[in-house]
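Before any comments, here is the structure.
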Amino acid sequence: MIMSDKEKKDKKKADKTEETQPRVGVYVCHCGGNISDVVDTSKVSKIIGEDPNVAVSKDFIFMCSDPGQKMIADDVKANHLDHVIVASCSPRLHEMTFQRVVSDAGLNPFQYQHVNIREQVSWVHSHQHEEATDKSIRLIRGAIASVLDQPPLEPIKKKMIQSAAVIGGGVAGMTAALDLANRDIPVHLIEKGPVLGGNLLNLDKLYPMEIDAKSFALNLADKVLKNPAIYLHLDTVVDKTEGAIGDFMLQLKKTEESTVNKENFAVSLTEPEKNPDYDISVLHVGSFIMATGHDLYEPYEGEYGYKKSPFVVTLPDLIKYLNIYRGNTFVYKGKEIKTVAMIHCVGSRQIEGVHQPPPSGILNTNCSRVCCTTTLQQANRLKSLFPKIQIYDLYRDIRTYGEKEHYYEEASKNNVIFIKYPDEESPEVEINGSLKIKTRDIITYGLEVEMEVDMIVLAVGLIPRIKPHIITDLSLPTGNNGFLQEAHVKLRPVESSVQGVFLAGTAQGPKDVRESTTTASAAAAKAGAILTKESINLSPFVAVVDTDKCQGHALCVNECEYNAITIHDKGVGESGVKIASVDPSACVGCGACVAVCPEQAIQVQGYDINKLEKEISAIMLEVKQ
């Protein structure tokens, strides 16, 4: 068949239109019923498939499964898709999964868009099936409108300084430093005190093998000192911090040794003291680990008789004393101790209206996790050393989690008397020549109990350290409990929200030694994964400045919590004309700067306002049934 010139022209025009027409692939996940039990996924797929920009529209039981991923990859290649949208669960779970799938199939990973129809639809509209289906269609339509204007973005390359810093020389810090050094990564270990070991030095035996804490600390310190890849900075703090992943600047400052009295430590590690510090005032590292540890709650004067009687002591003070005591009978300050009362939850799980706030004014409402185990461990230790001693254990709840339950069982066999006092009624202590405790025992239906004892031991809780400069300089987030907060408790448990900064040990919250070393190794593994690379790829979804619109009034600088924006002269010959500039490695793409710029001169790349307006307009369109 011979075509006329007009027919040839029309065909050429149609072919050209087909070539330039967007080809979007949309995949709707059943999530094994989590979505499809509420959302009519088949209907969603059918209606979305009618969009002229959609070349493929499918629904499947598990899009994240191997068959689901293969389906997407095959369609990208066979149908020449230029955009892919998956409507499924939270992007926190599988956005990177699908980005990798489309990338392996030859498509730019940033041409992928994720739509959450589980957490944002099926789980919150579980009894509104029709409305949930309608909402799913609208959200996917919005995503289609969004990707059509999405230019191919490329990751931002950042050169990596292949060395690390670990801040804190306790068990977590030493473990993290050793793990990194064993991968041939140079590590600067920064400790504010004169010795290594941290709070480990004030402990007795370590669970579960009952290893001597001092020996464990000495062993770790010895390994640190002998490792040539570790540079030790004692009596040193980080005074100032700048930069971002790949190149953090840490300005170091020597502390006065008198401010960190060696008598505060249960033992003195002489070898670290002999080790010459690596003499440097400014470090440049690609990544660092926060292992700054914790402090212990200091009871206020009069709390359970604290500082009103020399025989009211904290649990750490008892441990220190027993570490050096060698008598056959328990004598303290010249007095034989025959009866001891141990009170749990001092400075932990505080209740407003019941407990007096500490000087900070903030009650510690959280459980310190390790106090119960340590209290029972020391009760058993006392019974082992002095079998005739009588011990009363006053508790609200016994929380010897996991295998540590055996401490409670052993204490019961040792005839430790347990008294469960009410949450809202702390035991009362009277001091009148002797120590007298009054409380109620819930186990015996509120029976009032009164006992006279020779010593009261207060099981004090773990509280966050005073924030060092590094936390405020980099705006590292803290949780409601005041400890450093991870980016995601399950998906990113040892990462902070600041790229390149990782968390270890009790800087993140109360932990025992085993948990501290586990998180330290995890943080070192995460840091090591980026430090072994000469450069890294960063997300392109960062703020960018339109230099023609920018007026340099610095509203964006004041709004940015990550110190990613600076103001400088616009250019040569334009002295005095100011303009904003964004460090893409420090920017997290939060968009706070966008909201305050009156000229709309700053946008988050990939999420500009015009694109968002089109997405919203598409979401607002009625769904034809």
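Out of curiosity, is Phe110 aromatic (Phe, Trp, Tyr) and out of contact with any Asp or Glu (no Cβ under 9 Å at 6 or more places or on another chain)? Break it down stepwise before answering.
Working: aromatic (Phe, Trp, Tyr): yes; out of contact with any Asp or Glu (no Cβ under 9 Å at 6 or more places or on another chain): no.
Taking the combined requirement at face value, the residue does not satisfy it.
Is one or more of the residues making up segment 209-232 free of Cβ contacts under 8 Å to residues at least 12 places away in the same chain, among the charged types (D, E, K, R) and either at positive phi or crowded, with 20+ Cβ neighbours inside 10 Å (or both)?
yes
Step by step: first the residues of segment 76-95, then only those that are over 17 Å from Asp59 (Cβ atoms) and assigned to a helix (DSSP H, G or I), then the one that is modelled with the lowest pLDDT. Which residue is that?
Among those that are over 17 Å from Asp59 (Cβ atoms) and assigned to a helix (DSSP H, G or I), it is Arg92.
Which one of these does Lys158 not meet: (1) in a helix (DSSP H, G or I); (2) not assigned by TED's automatic domain parsing to the domain that holds Met96?
Status for Lys158: all satisfied but (1).
Please go through segment 164-186 and pick out each residue that is of a type in the set (Val, Ile, Thr) and surrounded by fewer than 23 Cβ atoms within 10 Å (Cβ to Cβ).
Ile185
Taking the condition of a type in the set (A, V, I, L, M) and closer than 26 Å to Gly606 by Cα, does Val86 pass?
Criteria met by Val86.
Output the number of residues of segment 108-149 satisfying the condition of being farther than 13 Å from Val86 by Cβ and either outside the structural domain of Asp66 (by TED's automatic domain parsing) or part of a loop (DSSP other than H, G, I, E, B) (or both). Full working, then the answer.
If we filter segment 108-149 for residues that are farther than 13 Å from Val86 by Cβ, which is where we start, we get 108, 110, 119-135, 137-138, 141-142, 145-146, 148-149.
Subset that is either outside the structural domain of Asp66 (by TED's automatic domain parsing) or part of a loop (DSSP other than H, G, I, E, B) (or both): 108, 123-128, 149.
Result for segment 108-149: 8.
Between Ile609, Ile602, Ile565, which is of a type in the set (A, V, I, L, M), surrounded by 14 or more Cβ atoms within 10 Å (Cβ to Cβ), over 22 Å from the mean Cα position of the chain (by Cα) and over 24 Å from Ile470 (Cα atoms)?
Ile602
Does Glu486 satisfy the condition of being crowded, with 18+ Cβ neighbours inside 10 Å, free of Cβ contacts under 8 Å to residues at least 60 places away in the same chain and in contact with a helix residue (DSSP H, G or I) (Cβ under 7 Å, 6 or more places away or on another chain)?
no
Taking the conditions exactly as written (in the same structural domain as Val453 (by TED's automatic domain parsing) and over 23 Å from His294 (Cα atoms)), does Tyr421 satisfy them or not?
yes
Residues to consider are Lys549, Lys526, Lys511; find the one that is assigned to a helix (DSSP H, G or I) and among the basic types (Lys, Arg).
Lys526
Residue by residue through segment 345-378, note down the ones that are touching a Lys or Arg at 6+ places or on another chain (Cβ under 9 Å) and loosely packed, with under 14 Cβ neighbours inside 10 Å.
Thr365, the sole residue that qualifies.
Considering only segment 325-335, I want to know if a residue exists there that is in contact (Cβ under 8 Å) with a residue 40 or more places away in the chain, over 19 Å from Pro427 (Cβ atoms) and assigned to a strand (DSSP E or B).
Yes - at least one qualifying residue is present in segment 325-335.
For segment 474-496, enumerate the residues that are of a type in the set (Gly, Ala, Ser), within 26 Å of Asp247 (Cβ to Cβ) and modelled with pLDDT of 90 or more.
Hits for segment 474-496 are Ala487, Ser496.
Test each condition in (1) in a helix (DSSP H, G or I); (2) over 19 Å from Gln377 (Cβ atoms) for Tyr321 and report the one that comes out false.
The one condition Tyr321 does not meet is (2).
Restrict the check to segment 232-249 and report whether at least one residue is under 30 Å from Val588 (Cα atoms) and in a loop (DSSP other than H, G, I, E, B).
Yes, some residue in segment 232-249 is under 30 Å from Val588 (Cα atoms) and in a loop (DSSP other than H, G, I, E, B).
Quick one: in segment 138-163, of everything that is over 28 Å from Leu531 (Cα atoms) and aliphatic (A, V, I, L, M), which residue is surrounded by the most Cβ atoms within 10 Å (Cβ to Cβ)?
Among those residues, the one meeting the criterion is Ile140.
Could you check how many residues of segment 438-454 are of a type in the set (Gly, Ala, Ser) and touching a residue at least 60 places away in the same chain (Cβ under 8 Å)?
Residues flagged as of a type in the set (Gly, Ala, Ser) and touching a residue at least 60 places away in the same chain (Cβ under 8 Å) within segment 438-454 amount to 0.
The values are calculated or read from the model by the stated rules, or taken from the named source; none is laboratory data. Note that the structure is a prediction, hence the values are computed from the model and not measured. Cβ coordinates were reconstructed from backbone atoms using ideal geometry, including for glycine residues, and neighbour counts include every protein chain displayed.
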